[in-house]
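Quick notes on the structure that follows.
The values are calculated or read from the model by the stated rules, or taken from the named source; none is laboratory data. As the structure is a computational prediction, the values presented were derived from the model and not from experiment. Cβ coordinates were reconstructed from backbone atoms using ideal geometry, including for glycine residues, and neighbour counts include every protein chain displayed. Remember, those area values only see protein heavy atoms, side chains included, never the ligands or the DNA or RNA. Shrake-Rupley method; radii C 1.70, N 1.55, O 1.52, S 1.80 Å.
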Amino acid sequence: GKAGRARKCSTRDLPIILGVHENSNETRWGATTVASTMKLAHLAGISTFVTGGIGGVHRDGHVTMDVSADLTELSRTPVVVVSAGIKSILDIKRTLEVLETNSVPTLGWKTDEFPAFFSPYSGVKCPTRVESAKDVASIYWSARDLNMPQGMVVAVPNDDPAGANIEKAIQDALKEAKELDINGQDVTPFILKYVAEHTGGESLRSNAALVKHNVTIGAD
């Protein structure tokens with residue numbers, strides 16, 4: 001939060017946060033990512049969870065090797081992640097390539113175009129289209145029958161009309177981040193803050209709307 005008490009907590013950070021907490025009187029907070037949430041959900045016997053968007057390969061990630069641990073966790077933890085697709089600040093094509101390389105079933109909910117978080121349009125073809133929760137469940141259990149360790153991505157298009165304006169703000173934010181030499185894990189918070197400030201709160205409202213929509217789909 002603004003007080004700086006919560007640390008971004010991916011899978012690698014879980015033992016650090018928990019271990020330090022056990023040996024200290026100080027309370028430490030960790031805000032989980034998709035990767036760490038998958039890990040914890042699996043440990044708790046939860047096979048599906050809903051989020052906003054998944055992480056992926058950052059732009060110029062083929063040079064910087066800046067790739068989200070979400071993709072690694074999807075390759076080894078059998079949890080279904082329902083989201084609005086891949087955040088548009090990332091390299092969507094390369095992210096889908098990594099998911100394919102790691103044999104992660106990647107599904108588009110009633111769409112042939114892979115969603116770009118705020119916008120239902122990315123210009124990138126979705127690997128597989130599904131029409132119902134029954135389709136998703138059938139694919140999930142088929143993967144279990146095959147002893148596949150991978151999770152699954154179910155990408156749900158966000159049909160909020162504010163998407164186009166938010167996408168423009170994202171592109172502007174990406175330019176500014178590059179000019180300010182902001183990189184690594186600092187990029188996403190910078191982009192989200194920039195977009196929230198330059199869209200009059202539309203991005204926060206749209207974000208909440210897409211998560212609620214995803215929850216409805218995930219609940220099926």
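Highest mean packing first, where packing is the average number of other Cβ atoms within 10 Å per residue, the peptides 165-174, 115-124 line up as 115-124, 165-174. Specify whether the C-alpha gyration tensor of the stretch 59-146 places it in the rounded, prolate or oblate class, a ≥ b ≥ c being the square roots of the eigenvalues: rounded for a/c under 1.5, otherwise prolate if a/b is larger than b/c and oblate if not. Here the stretch 59-146 falls in the oblate category. Would the stretch 127-196 count as rounded, prolate or oblate if I go by the C-alpha gyration tensor, calling it rounded below 1.5 in a/c and otherwise prolate when a/b exceeds b/c, oblate otherwise? Oblate is the answer for the stretch 127-196, as a/c is 1.5 or above yet b/c matches or exceeds a/b.
Taking percent of Cα pairs over 31 Å apart as calculated from this structure, the corresponding entry among (i) 19; (ii) 35; (iii) 30 is (i). Taking the accessible area of the chain, probe 1.4 Å, and keeping the other protein chains in place, the carbon and sulfur fraction comes to 53%. Taking the stretch 2-139 as the region of interest, the number of lysine pairs whose Cα atoms are within less than 19 Å, with members eight or more places apart or on different chains, is 7. Helical runs assigned H by DSSP (4 residues or longer) give the chain a calculated mean residue ellipticity at 222 nm of -13500 deg cm²/dmol, each run adding -39500 (n - 2.57) before division by the residue total.
Rounded to the nearest whole Hz, the Karplus-based 3J(HN,Hα) values (6.51 cos²θ - 1.76 cosθ + 1.60, θ = phi - 60°) of the stretch 188-195 follow the sequence 4, x, 4, 4, 4, 5, 4, 5, with x at glycine and proline. For the stretch 172-178, putting each phi into the Karplus relation 6.51 cos²θ - 1.76 cosθ + 1.60 with θ = phi - 60° gives couplings of 5, 5, 4, 5, 5, 4, 5 Hz, in residue order, rounded to whole numbers and with x for Gly and Pro. When peptides 144-150, 5-11, 157-163 are ranked by their average number of other Cβ atoms within 10 Å per residue, the highest-first order is 157-163, 5-11, 144-150. The packing ranking, built from the mean of other Cβ atoms within 10 Å per residue, places the peptides 78-85, 12-19, 49-56 in the order 78-85, 49-56, 12-19, highest first. To make sure I understand the rule: partners must be aspartates and glutamates, Cα under 19 Å from the Cα of Lys178, and not fewer than 8 residues away in the same chain. Which ones qualify? Candidates past the 8-residue exclusion: Asp60, Asp66, Asp91, Glu167, Asp186, Glu197. For the chain, the relative contact order comes to 19 percent (Cα pairs under 8 Å, sequence separation of at least 6).
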